[in-house]
């Protein structure tokens with residue numbers, strides 16, 4: 001059986017939350033709260049301090065130094081995808097309570 005030509009050439013574990021090309025919230029660490037671009041998956045990264053990070057993504061944020069590579073563990077990233085934002089204008093209107101004296 002041949003692989004689909006549309007499939008990414010990058011092999012990624014099916015249990016990872018992020019995918020290459022996602023935007024993601026950083027959930028933990030010194031950059032918690034940042035929204036970053038998810039660039040490339042690395043199953044194992046040895047950091048400059050000698051520590052090893054597993055299931056890491058190379059990430060980019062406009063405030064990052066372009067000469068330094070930043071990595072975040074998959075478990076510390078929450079992906080943001082267009083399909084996650086399915087609230088429509090009518091959904092938003094249903095959740096707004098009328099002002100006193102007005103009828104809905």
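The values are calculated or read from the model by the stated rules, or taken from the named source; none is laboratory data. Owing to the predicted nature of the structure, the values given are computational and were not obtained by experimental measurement. Note: ideal-geometry Cβ built from the backbone for every residue, glycine included; neighbour counts use all protein chains shown.
Observations on the model:
- Subset tally (residues that are closer than 14 Å to residue 34 by Cα and exposed (fewer than 10 other Cβ atoms within 10 Å of the Cβ)) for the stretch 47-67: 2
- Residues located in the stretch 24-33, provided they are surrounded by 14 or more Cβ atoms within 10 Å (Cβ to Cβ) and at pLDDT below 95: 31
- Residue check, residue 12 at pLDDT below 80 and either surrounded by 10 or more Cβ atoms within 10 Å (Cβ to Cβ) or touching a helix residue (DSSP H, G or I) at 6+ places or on another chain (Cβ under 7 Å) (or both): yes
- The residues on offer are 101, 21, 50, and the sole one that is assigned to a loop (DSSP other than H, G, I, E, B), at pLDDT 95 or above and out of contact with any helix residue (DSSP H, G or I) (no Cβ under 8 Å at 6 or more places or on another chain) is 50.
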